[in-house]
Structures are given as C-alpha cells and as structure tokens.
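The values are calculated or read from the model by the stated rules, or taken from the named source; none is laboratory data. This one's a predicted model, so the numbers in the text were calculated from it and none came from an experiment. Here the Cβ is made from the backbone with ideal geometry for all residues, glycine too, and neighbour counts use every protein chain on show.
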Amino acid sequence: MLSKRIVVCLDVRDGKTTKGVKFKDNIEVGDPVEMAEKYYHEGADEIVFYDITASAEHRSIMIDVVRRTAERIFIPFSVGGGIRNVEDMREVLLAGAEKVSVNTAAVLNPKIIYDGAKAFGSQCIVLGMDVKRVERSSKIPSGYEVWIKGGREPMGIDAVAWAKEAENLGAGEIVLNSIDADGTKEGYELTITQMMAEAVKIPVVASGGGGHPEHLYDVLTKAKADAALIASMVHFGMYTIKEIKEYLAKRGVKVRLKW
C-alpha cells in the first residue's frame, strides 16, 4: 500500500501567502518561500502553490516565487494559477516545480491537459477542481458543480464527469477542492471525495475543510483519498505536521515519518 500524503497548500496573492474562508475574506499569513521551507523541514510530503488571482486578473504565474522555492526545498511541489498554455507549463517546470496544476484554463480549453501530458508526461499534469454542492439534475447528476476563476464563476459542469474527461485527456492527479468546506476547519467534503476516488483511477487529493487530525483520517480512509491538502490548521499553529502524521500512524494510516 502506498503511503498517504500530507500536502501543504500555500495560496499566494501579491507575493504573500493568504488564507480565507470559502474563497472570501483572505488575510495575509506570511512569505510563501519561507513557509514552504518551514513545512519541508517539518515533514510535509508535498507543497502546492496557487496564485489565487492570476486567472481572474488574466496575468502570468509567479515565476520568481517558484525559482526561489526550488532552491530551498527538496520535496515535490506543484504550481497553479495563471497557467494558460504549454509554454507556461514549461516555464514553471524549468523554474523547478515538479507538477503544474490547471483549473480554469483546463475547463475553458480541455486540450491543454492533453497537450501538457504529451509534452511532459501525465505525472506532471494536475487537474485542480473547485466544486460546490448544488441540486442534482440531469445536467449535474453528482450534485456537485465545477466553478472557475477562483470560485467566482459556475460552469454548469458535473464534477465527476469532468474528472473522468480530464483523466482520459491525460491528467495524472486531481486536487478536489470543496468551496463549501474551504477554510471552515470543520472537515472535508467526504461525499464528493469518495465519489471522485471511485470514479477515476488516478490519485485524488482532498482539499478544503481540514481542521483536526481526525478530519484527515476520515477523508483518507472513509472517503478513500490518496492525499489530504492542509492549510489553516498549520498556518495558524493549530497543529504541526509531525503531530498530524503521528496521529494518523497511531490509527493505522500509512504515512511517511522522518523522525
């Protein structure tokens, strides 16, 4: 059995790490490069950077942050936000990232997933998904709708159907973020996470709502996620990565311990 991964998410805006609730009321919490290095030394398995306003503001990715981070951490890290084409992907990967995450650009132009996987391999292409619970309908049978531009615009697309399409196009991983649970620290959205994990063969990373170690246990075991993304619970000093991993290990979850 593969180890379950703990992924720390750094949402970046104007060069600073920021955190909000349900994509709103963001506050600055620190320097993204320094925070990435701190979490690397504390035992994070991966780091994810999201430039949360790049797509909405129609601008390029934060390459300087990527380069500086690559010089200081030695675990995989992925970068998303503002990636519009294969050339943007190439620039991010050459700057030192292992993976690129596409969200808005992929919904608007699904071929970017195929082109990226063909150019760099599926292992480099992550589909980021921001989803919100809605009434079930013939158009959205799962009851979860895809939103783009940092959770600002609903697309009328079913989340599970979109995940399957992205997998067929060559995506190597899915980061599934629940807008409803984001930043609430009240637990992950288990229903859509399990639906997604059972619908695709590629790894599913649960995102949005982690507040206590038992939340990670639930999403990694009951909802079958391959990894759990955390932010608030470490950014605000509620728990250390060591404490989270030791809790999971004691409950029988296979995690990478470095102590």
Filter result for the condition that a residue is in contact with a Cys (Cβ under 9 Å, 6 or more places away or on another chain) and under 30 Å from HIS41 (Cβ atoms), over ALA117, ALA97, ALA70: ALA97
Residue that is nearest to TYR50 (Cα to Cα), among those in the stretch 123-153 that are outside any strand (DSSP E or B) and of a type in the set (A, V, I, L, M): VAL134
Filter result for VAL204 (at pLDDT 95 or above, touching a Phe, Trp or Tyr at 6+ places or on another chain (Cβ under 6 Å), on the phi < 0 side of the Ramachandran plot and buried (at least 22 other Cβ atoms within 10 Å of the Cβ)): no
Among residues of the stretch 154-172, those that are of a type outside the set (A, V, I, L, M), outside any helix (DSSP H, G or I) and within 30 Å of LEU94 (Cβ to Cβ), counted: 2
The listed residue being among the hydrophobic types (A, V, I, L, M, F, W, C), within 17 Å of ALA206 (Cα to Cα) and out of contact with any strand residue (DSSP E or B) (no Cβ under 7 Å at 6 or more places or on another chain), out of ALA105, ALA159, ALA181, ALA163: ALA181
Scan of the stretch 34-51 for residues that are in a helix (DSSP H, G or I) and among the aromatic types (Phe, Trp, Tyr), ordered by number: TYR39, TYR40
Residue within the stretch 223-236 that is in contact with a Pro (Cβ under 7 Å, 6 or more places away or on another chain), among the charged types (D, E, K, R), under 28 Å from LEU169 (Cβ atoms) and touching a residue at least 12 places away in the same chain (Cβ under 8 Å) present: yes
Candidates LYS245, LYS254, LYS185, LYS258 - the one that is under 24 Å from LYS38 (Cα atoms) and surrounded by 20 or more Cβ atoms within 10 Å (Cβ to Cβ): LYS245
Members of the stretch 181-226 found to be assigned to a helix (DSSP H, G or I) and within 18 Å of ASP158 (Cα to Cα), listed by number: LEU190, THR191, ILE192, THR193, GLN194, MET195, MET196, ALA197, GLU198, ALA199
Checking GLU46 against (1) farther than 25 Å from VAL219 by Cβ; (2) modelled with pLDDT of 90 or more, the condition it does not meet: (1)
